[in-house]
Amino acid sequence: MEKFKVIIVEDVKLELKGTEEIFRNDIPEAEIIGTAMTEAEFWNLIEKQVPDLLLLDLGLGGSTTVGVEICRKVRNEHKDLHILIFTGEILNERLWVDVLEAGADGIILKSGELLTKTDVKCVMDGKRMVFNEPILEKILDRFKKSVLMDQRKQEAMINFDIDEYDERFLRHLALGYTKEMITALKGMPLGVKSLEKKQIDLIQRLFKPNERSGVNATRLVTRAFELRILDVDNLEPDDE
């Protein structure tokens, strides 16, 4: 790894000293050209000299959003600067998403293995989405669940013979559309009477004979969720 310049932003003095020691002992290629404990101190530093790497804590002065805003502004103003988040926000997953959308190259949580030379080298080599093990475990867990949910949906689609118009009908019922509104959707070739017949047909397919009595549109949609034909996290209307 070639020599590079780094600015460290961290508002806890003890943690700042620990981070500086990591660089001095494990990453001698890094030249720390400045450290900041507040947002104002950081902007003063970067106005004087732009580093190759910004190691940024997210929580500054009790705020969890300052770091995200710093990241966004730095990314807009310095497209080639590498930004690595080093944070103790180990449970705030929404904050991780926000800072990645703001342009961070990776997130290292202050737990587990902490910051390593390998992490820093990956970022300096231009790799995106650099994470340490604690966050990788969470990402992998979410990935597994997502794959299993997709599999269950595909199986339900096949087992209950759900076609495109079945899915669109059920999805828009779940969104509160009336049958009249659904018939007006772009590319929907079915009229109100056809949708009423489709509702009866879906009830027959999704419910056992002894369960079909009194099933209305609401119960039908609930059943579609239970069978994973519909996904509450992907419930968007079509173009009208």
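The values are calculated or read from the model by the stated rules, or taken from the named source; none is laboratory data. Note that the coordinates shown come from a computational prediction; the quantities given were computed from them, not determined experimentally. No Cβ is skipped: glycine too gets one built from the backbone with ideal geometry, and neighbour counts run over all protein chains shown. Note: areas computed on protein heavy atoms with side chains; ligands, DNA, RNA excluded. Shrake-Rupley method; radii C 1.70, N 1.55, O 1.52, S 1.80 Å.
Summary of values
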| item | result |
| --- | --- |
| Of the criteria (1) touching a helix residue (DSSP H, G or I) at 6+ places or on another chain (Cβ under 8 Å); (2) of a type in the set (D, E, K, R); (3) outside any helix (DSSP H, G or I), which one ASP98 fails | (3) |
| Which numbered condition LYS138 misses (of (1) open to solvent by 50 Å² or more (accessible area, probe 1.4 Å); (2) over 15 Å from the mean Cα position of the chain (by Cα)) | (2) |
| Members of segment 168-191 that are open to solvent by 40 Å² or more (accessible area, probe 1.4 Å) and among the hydrophobic types (A, V, I, L, M, F, W, C) | LEU175, MET181, ALA184, LEU190 |
| Condition check for LEU55: surrounded by 23 or more Cβ atoms within 10 Å (Cβ to Cβ), outside any loop (DSSP other than H, G, I, E, B) and modelled with pLDDT of 95 or more | yes |
| Residue selected from segment 192-240 under the condition under 19 Å from LYS153 (Cα atoms), among the β-branched types (Val, Ile, Thr) and in contact with a Phe, Trp or Tyr (Cβ under 9 Å, 6 or more places away or on another chain), by the criterion least open to solvent (accessible area, probe 1.4 Å) | ILE229 |
| Filter pass, GLU2 being open to solvent by 70 Å² or more (accessible area, probe 1.4 Å), at pLDDT below 95 and under 31 Å from the mean Cα position of the chain (by Cα) | no |
| PHE23 being closer than 27 Å to LYS138 by Cβ, surrounded by 17 or more Cβ atoms within 10 Å (Cβ to Cβ), in contact (Cβ under 8 Å) with a residue 12 or more places away in the chain and in contact with a Lys or Arg (Cβ under 8 Å, 6 or more places away or on another chain) | no |
| Those residues of segment 96-115 which are crowded, with 19+ Cβ neighbours inside 10 Å and without any contact (Cβ under 8 Å) to a residue 40 or more places away in the chain, in sequence order | TRP96, ASP98, ALA102, ASP105, GLY106, ILE107, ILE108, LEU109 |
| Close pairs from segment 60-87: first loosely packed, with under 15 Cβ neighbours inside 10 Å, partner of a type in the set (S, T, N, Q) and assigned to a loop (DSSP other than H, G, I, E, B), Cβ under 7 Å, at least 6 apart | GLY61/THR38 |
